[in-house]
1. Please name all residue pairs, on different chains or six or more residues apart, with Cβ atoms under 7 Å, provided the first residue is in the stretch A:261-288 and is farther than 21 Å from A:Val224 by Cβ and the second residue is open to solvent by 40 Å² or more (accessible area, probe 1.4 Å) and part of a strand (DSSP E or B).
2. List pairs: first residue in the stretch B:1-13 and free of Cβ contacts under 8 Å to residues at least 24 places away in the same chain, second residue of a type outside the set (A, V, I, L, M, F, W, C) and surrounded by fewer than 16 Cβ atoms within 10 Å (Cβ to Cβ) anywhere in the structure, Cβ distance under 8 angstrom, at least six positions apart or on different chains.
3. I'd like the full set of residues that are open to solvent by less than 10 Å² (accessible area, probe 1.4 Å) and within 9 Å of another protein chain (Cβ to nearest Cβ), limited to the stretch A:263-282.
4. Do you know which residues across the stretch A:122-139 are outside any helix (DSSP H, G or I) and open to solvent by less than 40 Å² (accessible area, probe 1.4 Å)?
5. May I ask you to list the residues in the stretch B:55-89 that are surrounded by fewer than 16 Cβ atoms within 10 Å (Cβ to Cβ) and of a type in the set (Gly, Ala, Ser)?
6. Given the conditions (1) assigned to a helix (DSSP H, G or I); (2) under 28 Å from A:Arg155 (Cα atoms); (3) open to solvent by less than 10 Å² (accessible area, probe 1.4 Å), which single one is not true for A:Ser119?
7. Can you list the helices (runs of 4 or more DSSP H) lying wholly within the stretch A:22-109 that have 1 or more residues being within 26 Å of B:Arg81 (Cα to Cα)?
8. Search the stretch A:25-50 for residues being hydrophobic (A, V, I, L, M, F, W, C) and away from every other protein chain (no Cβ under 14 Å), and hand back the single one that is farthest from A:Leu144 (Cα to Cα).
Amino acid sequence: MSLTHLNSRGEAHMVDVGDKAETRREATACGRIHMRPDTLALLAEGGLPKGDVLATARIAAIQAAKRTHELIPLCHALALSKVEVGFELDTPNACVDVTATCRLTGRTGVEMEALTAVSVACLTLYDMCKAVDKDMRIDGICLLAKTGGKSGDYRRGRVTDLESTQAAASPMEPPVGAATHHEMPMITGESPEGHISIAPRNEQPCIQVKFLAELRERLGISDVDIPFESLTSPTVAGLKQALEAYDERFSLLGERRVLCAVNQVMSADDMSLTDGDEVAFFPPVTGG
Amino acid sequence: MISVQTAPFDVGTEQQALTQERTDIGAVVCFTGLVRDFNEKPDVHALTLEHYPGMTERALQDIVSEAEGRWSLQGVRLIHRVGRLEPGDPIVMVAVASAHRRHAFEACDFIMDYLKTRAPFWKKEHTVSGQYWVAERDTDIEDAKRWEAT
């Protein structure tokens, strides 16, 4: 076995992946941040000065996964198809367990992206909580599993210093049992399990589309970017047509009960759109 | 004042904050909504509330502003919780202060009717026989329509 990031002279180089076959790749990593029990209690009840800690850490992890190539010198820029971030609040051990799964169909593995996501989630948790607790400690960051690619599948064996449910659970599943906190859907673009689907990023102008609540679960998609030029007309109706052309699942949006907000204001099908607009689709509201 | 929060609230504290150092308020009407243990199915053991951050606050502000346009109000406090809640937990509070009770009663009623049909919140109920998203109710839509005729 040799180190692929070193060439025959022992110098660092980026591996040429152009000739590798595209396969479906997935990697899951985990990590943990320990804190005082009262800090964890504040985090659980949303009482920290910087606000919704887990939602912020989740967004940070997703952003970090997408930007791994900017941080780790020899990593390729990847168009991730999915980033999934899970948090489990472990009260008896006064810590938060973080898992991240990254996926794409491509020529390189995504374990660096998963590890980066977990690391940045832990760092963000530290930042969000440091006003009340400076003794927090991050540890246990490791790869749990990866699938796809020439080197074959990898699954971590039981690790002694990760004796929690995290290591015991099937590594490809988000940790179960912490329903209380998995089901805190406070932020748009997140399903209860923390799944976030990301459309391939491109430089062209896009409409940012979000699906909320029951509609997100029926579609299995929370966010998608649709190139502005793919709209048959620059309206909500045109966006629905473009979405349906993209994937027939989106024909659901034709249902009468599906509501729409453009830039967070309720809008009808004839509402005009410009690039960069945020468009959300959701079912009738049931608050109160 | 409008809050969308995970933390619980205390109705007494909120009402006191509304009337503190005021002697022009003659009436405070306060509605508190609680989580029931039965709804579409029996044995609801929890519910999760999702919202659309940004739009939610804006929609609630629009509703309160409209109420302030229709009635003569001295103050409004609106709190809606999100996240996971259990039966018995307070979920929403609308406290309306006015010089006269009629204004306070009607504005409070109006704000709740509009909140239930216009503010982007969604409830998922967790019962012993599984979880499901709560469906909208025709009665809520009818209730909200009462305010359109006047």
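1. Once the first residue is farther than 21 Å from A:Val224 by Cβ and sits in the stretch A:261-288, its partners that are open to solvent by 40 Å² or more (accessible area, probe 1.4 Å) and part of a strand (DSSP E or B) give A:Pro284/A:Leu259.
2. none
3. Within the stretch A:263-282, A:Ala280, A:Phe282 meet the criteria.
4. Once the filter is applied, which keeps residues that are outside any helix (DSSP H, G or I) and open to solvent by less than 40 Å² (accessible area, probe 1.4 Å), the stretch A:122-139 yields A:Asp133, A:Met136.
5. B:Ser65, B:Gly69, B:Ser72, B:Gly88
6. Every condition holds for A:Ser119 apart from (3).
7. So the answer is A:37-45, A:53-66.
8. The qualifying residue farthest from A:Leu144 (Cα to Cα) is A:Leu40.
The values are calculated or read from the model by the stated rules, or taken from the named source; none is laboratory data. These numbers come from a predicted model, not from an experiment. Because the Cβ atoms are built from the backbone with ideal geometry, glycine has one as well, and the counts that use them run over all protein chains shown. Remember, those area values only see protein heavy atoms, side chains included, never the ligands or the DNA or RNA. Shrake-Rupley method; radii C 1.70, N 1.55, O 1.52, S 1.80 Å.
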